[in-house]
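Below you'll find the structure, written out as structure tokens, and then a few comments.
The values are calculated or read from the model by the stated rules, or taken from the named source; none is laboratory data. Please read all numbers here as calculations on a predicted model, not as lab measurements. Methodologically, a virtual Cβ is constructed for each residue, glycine included, from the backbone with ideal geometry; neighbour enumeration extends over all protein chains shown.
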Amino acid sequence: MKIFDLIGGWLCLDFTNTADGDINTEWTEHLNSYADLVGWAGQAGLLDEVRAALLLKEADAYPAEAEAVLAHAIQLRMMLYHVFSAVAADETPDLTDFNRAINEAAQHLQSVLKAGDYSWDWSTEPEALDQMLWPVIWSAVDLLHSPQHKLVRECGGNTCSWLFLDTSRNHSRRWCDMKDCGNRAKARAHYHRIKQTG
């Protein structure tokens with residue numbers, strides 16, 4: 001099973017990070033099958049093993065529908081990337097497709113009473129192949145409408161377009177992951193210093 005890095009700090013940002021590389025040059029896809037999408041959703045806590053198994057069985061029975069959901073998920077990811085990349089750059093995003101996605105997801109949202117309190121929940125459609133996308137969209141709504149949207153950053157690595165929430169003390173985090181992009185950037189800087197002094 002493919003292991004996804006969930007370092008975005010917010011569900012929708014983790015979803016945008018399901019591909020690697022620089023979006024403008026070389027983009028490596030990690031959602032190569034519907035099973036990959038289900039695997040990501042399980043790792044992100046959106047599906048338990050029983051529900052994941054049910055969806056994989058449903059996808060086997062309806063492969064064309066599963067492929068359509070995968071294609072929609074990738075389109076949704078790119079739309080969310082463009083919205084939050086603009087937010088990270090302190091630019092105004094185009095929210096046309098974002099608002100359309102909200103309307104589609106909201107059709108599955110319902111108010112429920114649990115333990116004496118009312119809360120939002122997703123309608124019980126255990127075989128809906130796109131059910132893992134609804135909370136992703138709502139996560140994006142929550143983030144965009146939260147003061148924390150000001151903490152969205154895009155990785156400063158030369159070959160990385162990952163998004164993350166900068167919760168560092170002085171909000172100076174530059175890389176998605178210090179172990180990967182951060183170390184590569186430090187190694188490049190060290191190499192150039194040595195080359196200049198050599």
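Values computed for the structure shown
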| quantity | calculated |
| --- | --- |
| Filter result (surrounded by 15 or more Cβ atoms within 10 Å (Cβ to Cβ) and in contact with a strand residue (DSSP E or B) (Cβ under 7 Å, 6 or more places away or on another chain)) within the stretch 13-47 | Leu13, Thr16, Asn17, Ala19, Asp20, Gly21, His30 |
| Those strands (runs of 3 or more DSSP E) lying entirely in the stretch 48-158 with at least 3 residues surrounded by fewer than 19 Cβ atoms within 10 Å (Cβ to Cβ) | 109-114, 117-122 |
| Leu6 being closer than 18 Å to Val141 by Cβ, of a type in the set (A, V, I, L, M, F, W, C), in a loop (DSSP other than H, G, I, E, B) and touching a residue at least 12 places away in the same chain (Cβ under 8 Å) | no |
| Odd one out for Glu127 among (1) under 21 Å from Asp14 (Cα atoms); (2) in contact (Cβ under 8 Å) with a residue 60 or more places away in the chain | (1) |
| Given (1) touching a strand residue (DSSP E or B) at 6+ places or on another chain (Cβ under 9 Å); (2) in contact (Cβ under 8 Å) with a residue 24 or more places away in the chain; (3) acidic (Asp, Glu), index of the condition Asp121 fails | (2) |
| Candidate set: the stretch 159-198, residues that are assigned to a loop (DSSP other than H, G, I, E, B) and exposed (fewer than 12 other Cβ atoms within 10 Å of the Cβ); chosen: the one modelled with the highest pLDDT | Thr167 |
| Test for Ile74: is it within 29 Å of Ala53 (Cβ to Cβ) and of a type in the set (A, V, I, L, M, F, W, C) | yes |
